[in-house]
Amino acid sequence: MALMENELAKVRVDRPVSERACLAVVLSILILLFLGLAALATAAPASWTGAWDSRWFDGGARVYMQQDGTHVTGRYPAYNGRLEGEAEGRRLVGTWATPKGSGSFEFILSEDGSSFVGRLGNKQWWTGARISTDHDQALRAFQSSPSETLRTFLIAAEAVESGRLEYQDDLLSMLIFPEGGRENHARELAPLVLLLDQFTVDPDIFETKAPEADEAELVLTRFDGRTLPLQFRRVGEDWFMVAPQADFVKELFSEIAATAQSGGYKGGGRFEGSTPRAAMESFVDAMRAGPAMQDTAIAALDLSEMPTVVRDRQSVLVAEYLNEVIARIGEVVFQEIPNDPGSLEPFVYFTHPAGDIVLAPTETDDGVEWKFTPETVRSVRGLYAATENLPPSVRVLPYDAHSKAPYFRIRAIVAGAAPAALQPVGPLEAWQWAGLVAIFIVAVVAALVVGLLLSVAARLGHPTEKAASSRAFAIWGFRLLAFGVINYLGFAILGLPSEFGSAIKSMAVLMMIAGAIPIEFWLVDRLHHAIDRAGLINQRGAILASLLVGVAKVLVVCANILLFADALSIPYGAAIAGLGISGIAIAFAARSTLENVISAFILFVDRPVDVNDLGRFDGRIGTIEHIGLRATVIRTLDRTLLTIPNSDFISDSIENFTRRDSVLMRRRFALRPETGRDQLRYLLTEIRRMLIAHPKVLPDPARVRLLGISENRIEYEIFAYIRTVDYSDFLAIQEDVILRMMDIVEKSGSEFASPARTLYLARDRGIDADKGEAAEQAVAGWRDEGKLPFPNLAASEVSALRDTLDFPPEGAPPEDEQYSPSGPAEKGRERRFGLFRFRRQ
């Protein structure tokens with residue numbers, strides 16, 4: 001048997017093993033194919049041939065490399081440097097050499113071949129980016145005269161100073177060094193560029209013609225009286241600048257730096273407005289750097305007259321406008337702009353009937369800074385439109401000032417497709433009006449669609465009436481939010497002017513906040529509902545939870561008001577002060593509402609009632625369903641909802657049935673007047689014994705007293721407390737007590753008196769003489785034995801009788817098997833644990 005089982009196990013194992021083997025073979029083939037394709041894709045050697053814009057720790061240069069097989073050679077003329085190495089895939093290892101030194105290098109080419117990273121030896125890093133053959137970064141050198149050479153040099157020098165080292169070789173190519181070739185003087189270029197930045201050029205210099213001689217001199221001046229003579233020499237058809245002696249450059253720059261009141265613009269991302277030139281450089285360099293330097297560019301604008309509600313977006317748009325206008329006017333030669341820190345005379349950069357571009361000193365928290373004036377900010381849109389058809393200037397560097405902002409892109413598309421749409425119609429252009437209408441329609445449609453989708457989703461559930469009302473309120477919030485968001489984002493790309501856009505933006509922000517409030521209310525209700533369903537709120541905590549929900553909603557409204565104030569750039573202090581003043585006004589106007597709110601907290605602290613308590617309120621009996629900030633809601637016995645303001649609720653008498661420890665049974669009964677005195681004694685005694693013996697009746701007080709004779713009947717009263725707090729149980733116990741009492745009345749030989757007069761047409765049988773005689777004999781026996789129970793039973797008899805009757809009565813099922821109806825008060829008495837649990841005192 002064991003051998004057979006082993007063979008069967010082998011058969012069972014062999015089958016899946018063979019299947020797994022086939023699967024492994026297939027996967028191996030697929031992996032090999034993939035590796036083969038990858039090898040073919042990477043088999044082609046990486047190409048190092050081309051021009052590279054390279055950088056290292058303290059400099060950079062343009063490197064030209066040529067690859068022949070795996071052998072790579074290169075040169076970087078700025079330092080008269082040479083490269084030579086061997087390529088291994090994307091890795092290039094070799095040596096470098098310049099007249100001042102040599103060493104090894106290792107470069108790693110990127111996957112796409114557009115850049116490399118590497119090291120010089122084991123320490124210095126060296127990186128580079130490939131310059132495509134059709135790149136637009138080429139410099140156009142104008143050297144037909146000394147003034148053109150100077151202008152070209154100054155423009156390219158500013159580019160190199162701001163970090164664009166790809167123009168370093170072009171700068172060196174325009175210099176003649178007295179000691180010889182320019183290759184050994186790349187490090188002397190930086191001090192010369194910094195020195196030129198300290199002087200001012202008369203713009204008229206650039207209008208002079210080339211001299212007849214082969215040498216010329218141009219003199220730069222400075223506000224402190226210093227001058228810088230520059231020599232130029234003609235070589236063939238082009239003019240070149242003769243580089244000043246390195247020692248002279250360093251010495252002159254040191255003298256200027258020692259006496260300078262301000263260092264001028266040094267870059268680094270911070271706005272520098274010490275002079276008109278520094279302010280212009282800060283602005284132009286920040287705009288060239290892109291969004292990362294946006295705040296620096298905006299700092300160059302005097303926005304004191306711009307409405308605060310649109311300042312965040314309009315300032316960016318104004319900077320884009322101004323940058324475009326400056327780029328259209330022509331390349332900025334910063335040496336044409338004054339750099340005297342002591343001057344307070346505004347500098348006019350450009351004038352036009354539509355407006356001027358002016359830099360002027362402005363008082364700021366950091367002192368006096370030069371900024372573009374509010375008049376420039378206000379008229380920049382008109383200048384943009386006026387210079388749109390300005391003939392392009394002959395540029396040294398490529399025109400890269402075109403804004404990437406959506407507004408300018410859209411406007412360019414409109415200008416190409418429908419130029420007539422650029423015509424102004426009131427404060428806006430025609431296409432902007434069309435855009436406003438389109439965005440409004442899209443926002444309305446989006447709001448309707450959002451509301452429809454949420455309504456359909458809401459119908460799929462089965463919410464309560466209260467939850468459905470809250471959800472419907474939230475859906476309207478989502479509609480308003482969608483409408484506001486689309487309008488806010490849409491209007492932002494239209495480039496609306498500040499005087500028009502402020503109202504539009506305020507409306508959109510108001511819609512978003514108005515939509516957010518019901519959504520936040522709904523979230524608060526959902527959180528409350530979730531905590532309640534989790535059983536974390538008991539009856540006592542329900543009041544506090546209800547009050548906290550109301551307080552949370554009030555805080556939500558206040559927070560959204562502050563948010564709206566922040567969107568309008570209103571200081572929080574002013575907004576809070578406004579809320580305080582408004583609160584005082586509201587307090588006078590809504591005094592009763594505040595009284596109700598305060599009363600709600602009094603209800604929580606004093607605890608006269610809890611949720612689900614049964615009682616008599618405002619003259620009506622009902623169950624507490626909800627205690628809110630404003631009112632208390634009661635479910636009456638008619639199943640209607642009674643809403644009582646909290647202030648009226650606590651000022652009126654409150655009778656809480658739920659908190660009683662027992663229920664009073666006080667009933668009057670009448671016997672026929674024929675009942676004898678001993679019969680009455682017997683009957684009253686037996687009823688007292690029955691009450692004392694009843695387990696559901698408190699023995700003290702439990703009295704039965706003869707009240708007297710009234711209207712031909714003998715009246716007596718039962719006054720006792722039933723051991724229950726539930727009214728349904730009370731009625732059941734009272735029913736049992738009355739039935740037992742009826743048995744005692746019948747046993748005594750008497751009968752209950754009829755409240756109406758009876759006309760006997762037959763002979764009256766009268767009372768039962770035998771039973772009456774028996775009752776009289778029993779009383780006589782008590783009297784003879786000295787045990788007549790009047791006015792009260794003996795203490796020993798009370799102790800003996802206590803809780804001796806059966807309840808439920810004989811023949812009824814046990815109490816724990818009987819159905820016990822529970823009202824609203826009992827339903828809320830389940831034991832619950834949670835965040836808002838309080839022990840009843």
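Below, the figures for the structure above:
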read-out	value
Residue match in the stretch 245-255 (condition: in contact with a Ser or Thr (Cβ under 8 Å, 6 or more places away or on another chain), under 19 Å from GLN335 (Cα atoms), of a type in the set (Val, Ile, Thr) and modelled with pLDDT of 85 or more)	no
Criterion (in contact (Cβ under 8 Å) with a residue 12 or more places away in the chain and either under 20 Å from GLU336 (Cα atoms) or in contact with a Ser or Thr (Cβ under 9 Å, 6 or more places away or on another chain) (or both)) met by exactly one of LEU192, LEU172	LEU192
Whichever residue in the stretch 45-72 is among the small types (Gly, Ala, Ser) and part of a loop (DSSP other than H, G, I, E, B) and, among such residues, is nearest to ARG187 (Cα to Cα)	SER47
Residue list for the stretch 76-93, restricted to those being closer than 15 Å to THR49 by Cβ and surrounded by fewer than 18 Cβ atoms within 10 Å (Cβ to Cβ)	GLU84, GLU86, ARG90
Residue, least open to solvent (accessible area, probe 1.4 Å), within the stretch 292-317, restricted to residues that are among the acidic types (Asp, Glu) and in a helix (DSSP H, G or I)	ASP312
Selected residue (only one of ILE413, ILE326 is β-branched (Val, Ile, Thr), surrounded by fewer than 14 Cβ atoms within 10 Å (Cβ to Cβ) and in a helix (DSSP H, G or I))	ILE413
Residue within the stretch 785-795 that is open to solvent by less than 70 Å² (accessible area, probe 1.4 Å), among the acidic types (Asp, Glu), farther than 30 Å from LEU731 by Cα and modelled with pLDDT of 75 or more present	no
Subset of the stretch 766-781 (residues that are in contact (Cβ under 8 Å) with a residue 40 or more places away in the chain and assigned to a helix (DSSP H, G or I))	GLY772, ALA775, GLU776, ALA778, VAL779, ALA780
Near pairs, Cβ below 8 angstrom, 6+ apart or cross-chain, from the stretch 303-324 (over 24 Å from LEU563 (Cα atoms)) to any residue that is polar (S, T, N, Q) and surrounded by 20 or more Cβ atoms within 10 Å (Cβ to Cβ)	LEU322/THR376
Selection status of THR387, under 30 Å from GLU345 (Cβ atoms) and in contact with a strand residue (DSSP E or B) (Cβ under 6 Å, 6 or more places away or on another chain)	no
Filtered residue count, the stretch 366-394, keeping only those that are of a type in the set (S, T, N, Q) and at pLDDT below 90	3
Residue among PRO391, PRO374 that alone is open to solvent by 40 Å² or more (accessible area, probe 1.4 Å) and either assigned by the TED database to the domain that holds LEU344 or under 30 Å from PHE271 (Cβ atoms) (or both)	PRO391
Among the residues listed as GLU320, GLU363, GLU336, GLU345, the single one being of a type in the set (D, E, K, R) and open to solvent by less than 40 Å² (accessible area, probe 1.4 Å)	GLU320
Filter pass, GLN67 being surrounded by fewer than 16 Cβ atoms within 10 Å (Cβ to Cβ) and either touching a strand residue (DSSP E or B) at 6+ places or on another chain (Cβ under 9 Å) or modelled with pLDDT of 90 or more (or both)	no
Filtered residues of the stretch 491-511 (kept if closer than 15 Å to LEU428 by Cα, open to solvent by less than 30 Å² (accessible area, probe 1.4 Å) and of a type in the set (Gly, Ala, Ser))	GLY495, SER498, GLY501, SER502
Unmet criterion (only one of (1) more than 29 Å from PHE142 (Cβ to Cβ); (2) open to solvent by 20 Å² or more (accessible area, probe 1.4 Å); (3) not in a helix (DSSP H, G or I)) for ALA420	(3)
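Results for (1) modelled with pLDDT of 85 or more; (2) outside the structural domain of GLU595 (by the TED database); (3) touching a Gly at 6+ places or on another chain (Cβ under 6 Å); (4) under 19 Å from LEU544 (Cβ atoms), shown as yes or no for each residue.
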| position | (1), (2), (3), (4) |
| --- | --- |
| ASN612 | no, no, yes, yes |
| ASP618 | no, no, no, no |
| GLY622 | yes, no, no, no |
| ILE627 | no, no, no, yes |
| ARG635 | yes, no, yes, no |
| ASN646 | no, no, no, yes |
| ASP652 | no, no, no, no |
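The values are calculated or read from the model by the stated rules, or taken from the named source; none is laboratory data. Bear in mind that the values here come from a model prediction, so they are computed numbers and not experimental data. With ideal geometry, Cβ positions are generated from the backbone for all residues, glycine too; neighbour counts draw on all protein chains shown. For accessibility, only protein heavy atoms count, side chains too; no ligands or nucleic acids. Shrake-Rupley method; radii C 1.70, N 1.55, O 1.52, S 1.80 Å.
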